[in-house]
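Each value in this text was obtained by applying a stated rule to the coordinates, not by laboratory testing. What you see is a predicted model; the values in this text were computed from it and never measured. Every residue, glycine among them, receives a Cβ derived from its backbone with ideal geometry; neighbour counts consider all protein chains shown.
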Amino acid sequence: MSSPNPPPAPPDPAAAALAAVHQALVAGDQDRAGLLLGQALARWRDHAGLLAQSAVLNAMAGQAGAAAALADRALALDPGEPTAAALRARLHLDDCAAVAAETVARTALERAPGAARLRRELAAALLFQGRAEEALTQARQAARSLPDAAEVVGTALLASLYDDTLAPAQRLALHRELAAGLAPARCPQPLSPANEAVLRVGFYSPDFRNHPVGHLVAPVLEQLDGSRFRAFCYAELGQRDALTAALQALPHAWREVTGRSDDQVLALMRSDRLDVLVDLAGHSHGGRPRVLRGRAAPVQLAWLGYPFSLGLPELDGLVGDDIVLPPGAEEDHGRPLLRLPLGVFCLQAPEGLPPVAPPPMTARGAPTLGSFNHLAKLSDATVALWSRLLRARPDARLVLCAIPLLEAATRQRVLARFVDQGVDPGRIELRPPRPPGPDFLRQYDDIDLALDPLPFSGGATTLDALRQGVPVLTLPGASFASRMSASLLSRIGLPEFVAADADDWLARALSWLADPGALAGVRAGLRRRLASAPAADGERYTRSFERLLLGAAGRGP
């Protein structure tokens, strides 16, 4: 005779309370979540899951210190608590402590290997340190576990742009695979463009602020012809500044969408009856690919914010130029490519630039190389190439400036990578960043020649260097992301700083460093070159962009 089934276990009241808090947060009801948490923690003050949710609520309220303390307390009780560990890793990254974030994430993943959002934070920490291939491995696993989480998918796809081991076809296949898992945002309102004589154009961005994208799109928004175009700016604002205020003051419709769901943003865009939507984010932080999937406008274009096809069948065109998107690039991107004749970037200079300093080589007697790109771009191929130059020119020094260099452990890792290539660490200066503005730009006074990383070249960083008189040596590859500096240099008539391969790059670097007079001449004339380039004329650039919009909408060439 078989034994009777054991009675069901009584429900866990703490777990039920935690589930109710989670449901309130998912519904967007933070007040109710806070009330439920307070009641639950009064009974179970040492429950790791409840403490983790309390940490999340504090983080959402902008109380980072309290959130960190609560997450630490939860992890002390349960080192594998995934929500607390993911939040703590994110807070470490916010404090530029990428190695600390990696440690927290790895420790928790040993106990909770299925925690996909935690694995995504590990990937972000690795990418922050310039370990793109490792980051992609972790992020891809997380994205396949949470295929409809746009921020998780975005981390994987962004990491793929930095990974120099991927062929273009592999990168495109990954974008198509992961983007297909994103469910379209839903909206009951039908897609119904206004069909007016004036073209209604939406611009979506989380970066309408002191950010490279904000500065690059500003001249177009300032000079868009109001008699032919009506612009709608959809702003996801994590922070505001003077540029935000200047853009908001323009005679365009301004829509703040911070905190709104994808469904709500799609409904808002459809209610504005757009003809064209220009997405300035892609899969980067703050992007809303699910809105694009839901089809916010009859024509949807990607520009500036993400240098690759988004992998979305609903994207109708990727905007670039004939250098970042050379003939035949359609095969690598799988989307129609739209090429601006004056270049992918408007070169109109901002006001208040510091004066160009004399070449530091003149006073020092030896060259100083530099790169102020994000450390995520410091790939193994980049370190190997730059180390070849440092070995070939033993009197040269290298200055790196990047946000992650605030952390001592990250600085040690960076130096170790160059030591492994036979470079004396005493020849490398690692600088934490300064706030954007004149003080940051004055750091270029110390640099004779800027080095461009690969496979993700500089965009706004290269433009900063050129504006401060520092030429940039680049080695473009096959991808859009690898060819941005080549586009900038070609637009101002300096193709001699664009190399064909690694050996050519080294030969060009040594040649320039051996001729300080020639390098000084380039330095003295760089601002003049930039100012006289057709793409520096904001009005002329905007007219070319307007023609592109009309053509994409089927209203002109």
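With the radius of gyration and the Kirkwood radius both derived from the Cα set of the chain, what is their ratio Rg to Rh?
1.00
Between E256 and D12, what is the spin-label point distance in nm, taking each point 7 Å from the Cα along the Cα→C-beta axis?
4.1
Given labels modelled 7 Å from the Cα in the Cβ direction, how far is it in nm from T103 to R364?
According to this spin-label approximation, the distance is 3.3 nm.
Between L353 and S271, what length comes free when the chain is fully extended (0.36 nm per residue of separation minus the Cα-Cα distance, one decimal in nm)?
Numbers: separation 82, 0.36 × 82 = 29.52 nm, distance 4.12 nm.
Fully extending the segment from L353 to S271 adds 25.4 nm.
Roughly what would the spin-label model give for R45 and D380, points 7 Å off Cα along C-beta, in nm?
It is 5.1 nm.
Packing-wise, with mean Cβ within 10 Å as the measure, how do 400-412, 147-159, 24-36 rank, highest first? Don't skip to the answer; put the middle values down first.
Working: 400-412: 18.9, 147-159: 22.5, 24-36: 14.9.
Highest mean packing first, the order is 147-159, 400-412, 24-36.
Cα centroid distance between segment 238-268 and segment 334-358, in Å?
24
Could you order peptides 187-196, 104-113, 415-424 by the average number of other Cβ atoms within 10 Å of their residues, highest first? Don't skip to the end; give the middle numbers.
Values: 187-196: 11.9, 104-113: 18.5, 415-424: 15.1.
In descending order of packing, they fall as 104-113, 415-424, 187-196.
Under a 5 Å amide H to amide H cut-off, with H placed in plane at 1.01 Å, what residues pair with F203 once short-range neighbours are removed?
Here the answer is F232, C233, Y234, V278, since their amide H atoms fall under 5 Å of that of F203.
Might you report the magnitude of the Cβ-based charge dipole of segment 227-273 about its Cα centre, with Lys and Arg at +1 and Asp and Glu at -1, to the nearest 20 debye? Can you show the working numbers first?
Working: 7 positive and 6 negative charges, 59 e Å.
The dipole of segment 227-273 has a size of about 280 debye.
For A518 and D445, calculate 0.36 nm times their separation in residues minus their Cα-Cα distance, and state this gained length in nm to one decimal. Provide the component values of the computation, followed by the final result.
Values: separation 73, 0.36 × 73 = 26.28 nm, distance 1.72 nm.
Going from the current span to full extension adds 24.6 nm.
Quick one: compute the contact order of the chain, relative version, from alpha carbon pairs under 8 angstrom and 6+ residues apart, as a percent. Don't skip to the end; give the middle numbers.
On the way: 1056 pairs, mean separation 63.8, N = 557.
Across the chain, relative contact order equals 11 percent.
Full extension from A249 to L77: what is 0.36 nm times the residue separation minus their Cα-Cα distance, to one decimal in nm?
Additional length available on full extension: 56.9 nm.
Can you give the FRET efficiency to the nearest 0.05 for A478 and A19, using r as the Cβ-Cβ distance and R₀ = 45 Å? Write out the running numbers ahead of the final one.
Numbers: r = 49 Å, r/R0 = 1.09.
E between A478 and A19, to the nearest 0.05, is 0.40.
If neighbour count is taken as other Cβ atoms inside 10 Å, put H175, H374 in order from fewest to most.
H374, H175
Any chance you could give the angle, 0 to 90 degrees and rounded to 10, that helix 212-223 forms with the longest Cα principal axis of the chain?
70
Can you quote the Å³ per residue value for the convex hull of the Cα atoms in segment 41-180, rounded to an integer? Before the final figure, lay out the partial values.
Values: hull volume 13.9 nm³, N = 140.
Once divided by residue count, the hull of segment 41-180 is 99 Å³.
Between A408 and E429, what is the FRET efficiency for a Förster distance of 22 Å, r being their Cβ-Cβ separation, to the nearest 0.05? Please list the in-between numbers first.
Numbers: r = 15 Å, r/R0 = 0.68.
The calculated FRET efficiency here is 0.90.
If packing is taken as the average count of other Cβ atoms within 10 Å, what order do 260-272, 352-364, 521-533 fall into, highest mean first? Let's see the in-between values first.
Details: 260-272: 19.0, 352-364: 14.2, 521-533: 16.3.
Top of the packing list down: 260-272, 521-533, 352-364.
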